[in-house]
Every structure is written in C-alpha cells, then in structure tokens.
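Colleague: Please see the structure below; I have some questions.
The values are calculated or read from the model by the stated rules, or taken from the named source; none is laboratory data. Note that the coordinates shown come from a computational prediction; the quantities given were computed from them, not determined experimentally. Because the Cβ atoms are built from the backbone with ideal geometry, glycine has one as well, and the counts that use them run over all protein chains shown. For accessibility, only protein heavy atoms count, side chains too; no ligands or nucleic acids. Shrake-Rupley method; radii C 1.70, N 1.55, O 1.52, S 1.80 Å.
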Amino acid sequence: MIILFIGAQASGKGTQAKIIAKKKALAHICTGDLLRAATGEFRKEIDSYITKGKLVPDELILKLLKERMNQPDCKKGVILDGYPRNLRQAEELEKIEKVGKIFEIYISDETAKRRLMGRWNCKKCGIAYNIVTAPKPKKDGLCDNCSIPLYQRDDDTNEEAIEKRLSIYHEETEPILKKFKERVIKINGEQTIEKITEDILKKLG
Ligand code: AMP
C-alpha cells in the first residue's frame with residue numbers, strides 16, 4: 001500500500017512524512033532526496049533540472065523510484081513524498097502498486113516562499129530546520145542531531161527556481177488532486193507541526 005503526501009514546496013510534507021513513517025513503521029521515500037543522492041552517469045543531468053526548478057524527466061525518476069521500491073523495507077508500506085508530480089507519473093505509479101490515501105497539505109504561495117527562504121538542512125541526517133518558522137536548530141547553523149553545519153539548497157535561494165517550482169506545482173501536480181479527488185484528504189499546512197501530525201494521524205486511522 002502506498003500513501004501519498006502532496007503539497008507545494010515547504011508545505012511540510014517531508015517533515016510530516018518522516019514523522020508519520022516512523023510512527024506507523026512505514027518506509028519513507030522522498031524523490032527529491034533520491035535525486036540529490038544519485039551518483040553516476042545522470043548526476044549532471046539531474047543537477048541541470050533541479051537548479052532551474054524544473055522536473056527531471058519522468059523516465060529517470062521512475063527508474064530510481066522502482067529501484068528504491070524494490071528494497072525490502074518497502075514491503076510493509078510506503079509514504080511517497082514528492083512523487084507523483086504530474087498525471088503521467090501518477091498513472092505509472094498505479095501500474096506498480098495500489099495507491100491508498102492521498103494527503104494534500106495545502107499552504108499559500110506566500111507561505112511557501114517565506115518558508116523556503118528560511119529552510120536549512122542537514123546533509124547527514126536529512127532533517128530540515130526553518131529559521132523563519134519552525135523547527136529552529138538549538139544552536140545557530142548547526143544540526144541538533146549531528147552537530148555539523150547546516151546548508152541551504154541552491155533551488156531554495158534562487159527566486160527564479162522558486163517561481164518555477166510553484167508554477168509547476170499548480171499546473172502539473174494539482175491536476176492529480178483533481179483526478180483522484182475522492183481519495184484526497186485535505187490538511188491545513190499553515191498550522192504547527194504537531195497539529196498537522198495530529199490531523200494526519202486522525203485521518204490515517
Ligand atoms: P523537492 O525536494 O521535492 O523539493 O524536489 C527537488 C527537485 O527534485 C524538484 O524541483 C525536481 O527538480 C526534482 N524532483 C523531485 N521529485 C521529482 C519527481 N517526482 N519528478 C520529477 N522531478 C522531481
């Protein structure tokens with residue numbers, strides 16, 4: 001069974017996917033992380049899309065996703081964070097495995113932009129902090145878990161890339177929510193992290 005977390009950039013879907021996957025003992029797959037960690041022949045090509053805020057080609061992400069979903073931890077169920085991003089990806093996913101609940105975490109574009117500017121990440125454990133909203137690191141610029149310096153993603157600080165990512169979200173990703181509307185559960189992403197987790201858990205059952 002696959003559960004989808006869909007939302008604009010910085011909606012908190014990654015943070016929530018991590019929390020819920022841990023609580024429910026599910027695998028968490030973030031396709032953005034899969035792409036950022038990819039090595040080998042596609043590295044340069046992937047970077048050329050990510051830095052401009054464009055989607056990487058469907059075939060490429062699908063290949064990486066299938067490889068990841070074949071790993072044993074995915075047998076107990078998966079939370080997908082960042083996939084699908086367009087209707088074609090949604091159709092391809094349904095060929096692999098049944099999609100269950102779809103959580104739409106919604107925020108305004110203004111909130112997305114404000115949060116993106118404040119987002120700092122840890123390269124080692126993957127946690128995302130936010131110095132504008134929350135969670136803030138205990139020590140400025142350092143990861144609470146790993147004590148190493150945090151970094152900002154290039155595509156989070158480039159205004160053109162941010163606009164591009166948000167426009168792709170509205171034009172290509174939101175149609176998925178329309179198509180599968182009977183399975184979509186709407187969650188207000190402008191609340192605290194704890195309240196969003198509570199709302200998701202209530203609906204997840
Ligand atoms: P994210 O970490 O979800 O913000 O994704 C960062 C970037 O990775 C996106 O802007 C895309 O360039 C790429 N990406 C992530 N997931 C996908 C996907 N499902 N399909 C195509 N590109 C993706």
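Colleague: Within the range 43-70, how many residues turn out to be in a loop (DSSP other than H, G, I, E, B) and under 19 Å from ASN86 (Cβ atoms)?
Modeller: Selection size over the range 43-70: 6.
Colleague: When the residues of the range 149-203 are filtered to those that are farther than 22 Å from ASN86 by Cα and crowded, with 17+ Cβ neighbours inside 10 Å, which remaining residue is nearest to the ligand (Cβ to nearest atom)?
Modeller: Here the residue is ARG153.
Colleague: Cβ-Cβ below 7 Å, separation at least six or inter-chain, first residue in the range 35-58 and farther than 13 Å from ARG153 by Cβ and more than 6 Å from the ligand (Cβ to nearest atom), second in a loop (DSSP other than H, G, I, E, B) and not small (Gly, Ala, Ser): which pairs?
Modeller: So the pair list comes out as ILE46/VAL56.
Colleague: Yes or no: TYR151 under 14 Å from the mean Cα position of the chain (by Cα) and not aliphatic (A, V, I, L, M)?
Modeller: No, not satisfied.
Colleague: With respect to the numbered conditions (1) in contact with a strand residue (DSSP E or B) (Cβ under 9 Å, 6 or more places away or on another chain); (2) closer than 26 Å to LEU60 by Cβ, which one is the sole condition not fulfilled by GLU160?
Modeller: (1) is the only condition that GLU160 fails.
Colleague: Further question: Restricting to the range 84-109, name every residue that is closer than 16 Å to ILE168 by Cα, in a helix (DSSP H, G or I) and open to solvent by 50 Å² or more (accessible area, probe 1.4 Å).
Modeller: Listed by number, the residues that qualify are LEU87, ARG88.
Colleague: While we're here: Part of a loop (DSSP other than H, G, I, E, B), under 16 Å from GLY32 (Cα atoms) and within 14 Å of the ligand (Cβ to nearest atom) - does that describe any residue in the range 74-83?
Modeller: Yes: one or more hits.
Colleague: Among all residue pairs at least 6 apart or on different chains, which show Cβ distances below 7 Å where the first residue, located in the range 120-144, is farther than 19 Å from CYS30 by Cα and the second is among the acidic types (Asp, Glu) and part of a loop (DSSP other than H, G, I, E, B)?
Modeller: Going by the 7 Å Cβ cut-off, the qualifying pairs are PRO137/ASP144; LYS138/ASP144.
Colleague: Report the residue count in the range 95-105 for those that are among the acidic types (Asp, Glu) and either over 17 Å from LYS63 (Cβ atoms) or touching a Phe, Trp or Tyr at 6+ places or on another chain (Cβ under 9 Å) (or both).
Modeller: 1
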